Every structure is written in C-alpha cells, then in structure tokens.
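Take a look at the structure below.
Values quoted throughout were computed directly from the atomic coordinates according to the rules given, and no laboratory measurement underlies them. Please read all numbers here as calculations on a predicted model, not as lab measurements. Don't worry about glycine lacking a Cβ; one is built from the backbone with ideal geometry, like all the others, and counts go over all protein chains shown.
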Amino acid sequence: MSIKDQVIAIIAEQAVLEPEDVTMDSTLESLGIDSLGLVESIFAIEEAFDITVPFNANKPEDSDFDISSVQSIIAGIERLKAAQG
C-alpha cells in the first residue's frame, strides 16, 4: 500500500468515511475531523510510518508540518520518510 493510500485510509477512518470520500484537496475540517480527531490521526500516522511528526496540537499554526489538506499531509510524510533514509 502506498503512502497516499495509507494516509487516506487513516484519515477516512478518523472521519468515519469511506476512503473514496477523501480527496487530495480535502481538508480535515471539511471531512469533519475535530482537534481530537486530528491528534488521533497524527498518532496513527506516526505509528503506521514509524516517524515523528513535528506537530504541536496546542499551537498548530506554529507547526512545521502542514495539515492544510490531505495532499499536504502526504507530502509532509514523504519528506519525513525521505529524511529518515
């Protein structure tokens, strides 16, 4: 399963949607994911990809990890995985 497919599956699960309902342009807000769902999504992503996401749930605007869309989340994970080697 690709990074894209895994991320979409994780986000869909948090939003209680089918993966086909999640598009690359979807925002977490548009999918109905609240702040708790966001934190749970980040934890699930960290576990699935064995990475640490540089995200501060208390100050998401100060984060180095862009959560503005599904596409930006996938791009961030790809960067973290590449940096991991």
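Table for the structure above
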| quantity | calculated |
| --- | --- |
| Neighbour-count ranking [beta-carbon atoms within 10 angstrom, fewest first] of Ser26, Ser41 | Ser26, Ser41 |
| Least to most buried among Val16, Val22 (fewest other Cβ within 10 Å first) | Val16, Val22 |
